[in-house]
Amino acid sequence: MSARTPMQVVAGSLGSGKTTLLRHLLGQELGRVALIVNEFGELGIDGQILEGQHLRLIELPGGCVCCSLAGEFDQAVEELLAGMGPELFLVETTGVAEADALILDIEENLPQVRLEAVVVVVDADACCRFPQLGYAERSQIEVADILLLNKIDLVDQEQLVQVRTRLRQVNAQAALVETSFGVLDLRLLGGPHPARPTLPASGHAHS
């Protein structure tokens, strides 16, 4: 049996910094990448400029990959595997996606794929201004392998401690990585992770 293709899912509320993170990741040496986005407009990346020999971008608009578009998502993955043979899948969901449903779909219906990490981008500033987590935001945080606490440059140290504590109350296991402008070392996402949700400790992570 051939090796399964790694997949990384990027979730988070609208405006949290998913676009910036993906742009940063796509600027790294990733090999052949298949990028599947739920809403092309929400992502804000010009696919015609980005697409080339090593990148294919597919949009699945008008619904959510975690539920109403699950069949289209599976089909897109299978077509990319057959036609492009990507070395990595990056999947960007809408801000209201139910990440647990997407994880279940990937693990049950896409045996050719290995889900390496679910990265949930959290806006530190918004968490301070609106401390009550909504249902979608909480459900995404609960299933995250990596919590990317973004925009830490907009909060002070006391606020940062409060946000860390709030996130740990929802998910005590995920790697917690703090960043500004979505700058993330790709090695935190990929690499020889034996299985989800266990990730190696990182010098940039807070337990």
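None of the figures in this text is laboratory data; all of them are computed from the coordinates on show. Because the structure is predicted, anything quoted here is derived from the model rather than measured. Positions of Cβ are generated from backbone atoms using ideal geometry, with glycine treated the same way; all protein chains shown enter the neighbour counts.
Odds and ends about this structure:
- FRET efficiency for A101 and R32, using Cβ-Cβ distance with R0 set to 35 Å, rounded to 0.05: 0.80
- Virtual spin-label span in nm between R23 and E72, 7 Å along Cα→Cβ: 2.6
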